[in-house]
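**Student:** Dumping the structure here so I can ask a few things about it.
What follows draws every value from the coordinates through simple rules; no lab data is involved. Since this is a predicted model, take the numbers as computed values, not measurements. Every residue, glycine among them, receives a Cβ derived from its backbone with ideal geometry; neighbour counts consider all protein chains shown.
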Amino acid sequence: MRSSIHRLAALAAGTALVLIVAGVAFGYAGEVAATVSVTAPSGAQNCGVALKVSAEIQDVDGKLIADQPVIWGFISGNGAGDKFSPATGTTNHNGVATTYVTFGCGPAHSAVLGATAGAANGTVVLQSNGKSLPRTDVANTSQYPSMALAAFAVLLGAGMMLRRLSLARR
């Protein structure tokens, strides 16, 4: 009688364990990343400019996953000075993670960018034209003649005033 009670208790404990483990395993099935869709600006981009790149993470049922860790990286084609900021992140409540990629200034090139969430990953191709934006901290060279003429006029006027003052004191 005792052995049948032990067998029955062991069977009940085993069944409970299986149900608990199955509940935990199947309870998270929808939170496993299955699809990573990466989007980035199209066309050739200037170097030295932070470009927004996004990844949408979905489970096997197509539901967006919030709070999913995402790792960003270059798969191929990156040049010297190309970088992500930040290189890791987490999806927001809409299942979207965002980072910024900046191309170093150098030869024009295409880079394959990747986002990884769990075992799933996605890629996108981004192009650098190797050109930076025009500087805005210096004067336009076409304005130099007018600036030189204005400076000459100011100096000529100041010289005439000094001469008049010196003649008036005599």
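**Student:** Based on the mean of other beta carbon atoms within 10 Å per residue, what is the order of 56-67, 147-158, 77-88, most packed first?
**Tutor:** Output ranking for 56-67, 147-158, 77-88: 56-67, 77-88, 147-158.
**Student:** Hey, another quick one. Among the lysines, which fall within straight-line cross-link reach of residue 83, defined as a Cα-Cα distance under 17 Å, with same-chain neighbours fewer than 8 residues apart omitted?
**Tutor:** Output for residue 83: 52, 131.
**Student:** While we're looking at this one, here's another question. Please list 3J(HN,Hα) in residue order for segment 103-111, calculated via the Karplus relation 6.51 cos²θ - 1.76 cosθ + 1.60 where θ = phi - 60°; whole Hz, with x for glycine and proline.
**Tutor:** After applying 6.51 cos²θ - 1.76 cosθ + 1.60, I find 7, x, 6, x, x, 4, 7, 10, 10 Hz.
**Student:** Another question, if that's okay. At R0 = 45 Å, how high is the FRET efficiency between residue 49 and residue 168 if r is their beta carbon distance? Nearest 0.05 is fine.
**Tutor:** 0.15
**Student:** Report the label-to-label distance for residue 151 and residue 64 in nanometres (one decimal), using points 7 Å from each Cα along the Cα→Cβ vector.
**Tutor:** Each label point lies 7 Å from its Cα, and together they span 5.6 nm.
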